[in-house]
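S.K.: Once you've had a glance at the structure underneath, I'll fire off some questions.
The values are calculated or read from the model by the stated rules, or taken from the named source; none is laboratory data. Just so it is clear, the model here is predicted, and its values are computed rather than measured. Neighbour counts run over all protein chains shown; Cβ positions are idealised from the backbone, glycine included. Ligands, DNA and RNA are excluded from the accessible area calculation, which covers all protein heavy atoms including side chains. Shrake-Rupley method; radii C 1.70, N 1.55, O 1.52, S 1.80 Å.
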Amino acid sequence: MFRFLLALAGVVALAGPAWSQSGQRHETLMMPPYAVLGVPTGAIAADFAVAVQPAFEARSGISAAFLCWVRYGDDPTPALALLIVGAPDQSLREAIGAVFTRMSGPNDSMDMIFLEPAQAADLQIPAIYTRSGERP
């Protein structure tokens, strides 16, 4: 499952699986408290970080990307946290979702979180992407 979470101003925008051909259902919910636990390691995480680079380069609004483990409650989940300028677009969700679907198993999940600049600055993990000349 690939969830699309918008962490801006404490609001979450959830959408169905990125690979679904049917109509997407969108909900707006309050962003639950979350903690960044660290960075996924291993070959799959490294390959994913490389595979999503073209999606970042193709979109001028992406300033930085972080691959991390987050916890919203009891269970940690992998997430791709992005610092962007402007609103996230559907094509980004689809591009990242396609990479994730291609590289993951049927029971794997990952969230995509869009961060405010202050949230990105507070992260204590390395970015997997930064736009040339910009700081996360």
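S.K.: List the strands (runs of 3 or more DSSP E) inside region 21-97, counting only whole elements, that have at least 3 residues being modelled with pLDDT of 85 or more and more than 16 Å from the chain's Cα centre (by Cα).
M.R.: Counting at least 3 such residues, we get no strands (runs of 3 or more DSSP E) at all.
S.K.: Looking at the structure I just gave you, is Met110 modelled with pLDDT of 85 or more and touching a helix residue (DSSP H, G or I) at 6+ places or on another chain (Cβ under 6 Å)?
M.R.: No; evaluated as a whole, the condition is false for this residue.
S.K.: Can you tell which of Gly97, Gly86, Gly42 is open to solvent by 20 Å² or more (accessible area, probe 1.4 Å) and farther than 16 Å from Arg131 by Cβ?
M.R.: That would be Gly42, the only listed residue that is open to solvent by 20 Å² or more (accessible area, probe 1.4 Å) and farther than 16 Å from Arg131 by Cβ.
S.K.: Kindly evaluate Pro88 against the criterion of being in contact with a Phe, Trp or Tyr (Cβ under 6 Å, 6 or more places away or on another chain) and under 16 Å from Ala35 (Cβ atoms).
M.R.: no
S.K.: When Ala120 is evaluated against the numbered criteria (1) without any contact (Cβ under 8 Å) to a residue 40 or more places away in the chain; (2) closer than 12 Å to Ser63 by Cβ, which criterion, by number, is the only one it fails?
M.R.: (1)
S.K.: Is there a residue being without any contact (Cβ under 8 Å) to a residue 40 or more places away in the chain and either polar (S, T, N, Q) or open to solvent by less than 30 Å² (accessible area, probe 1.4 Å) (or both) anywhere in region 62-72?
M.R.: Within region 62-72 (the criterion being without any contact (Cβ under 8 Å) to a residue 40 or more places away in the chain and either polar (S, T, N, Q) or open to solvent by less than 30 Å² (accessible area, probe 1.4 Å) (or both)), the answer is no, since none of the residues qualifies.
S.K.: Here's another thing I want to ask about it. (1) in contact with a Pro (Cβ under 8 Å, 6 or more places away or on another chain); (2) open to solvent by less than 70 Å² (accessible area, probe 1.4 Å): which one isn't true of Ala79, the others all being true?
M.R.: It fails just one condition, (1).
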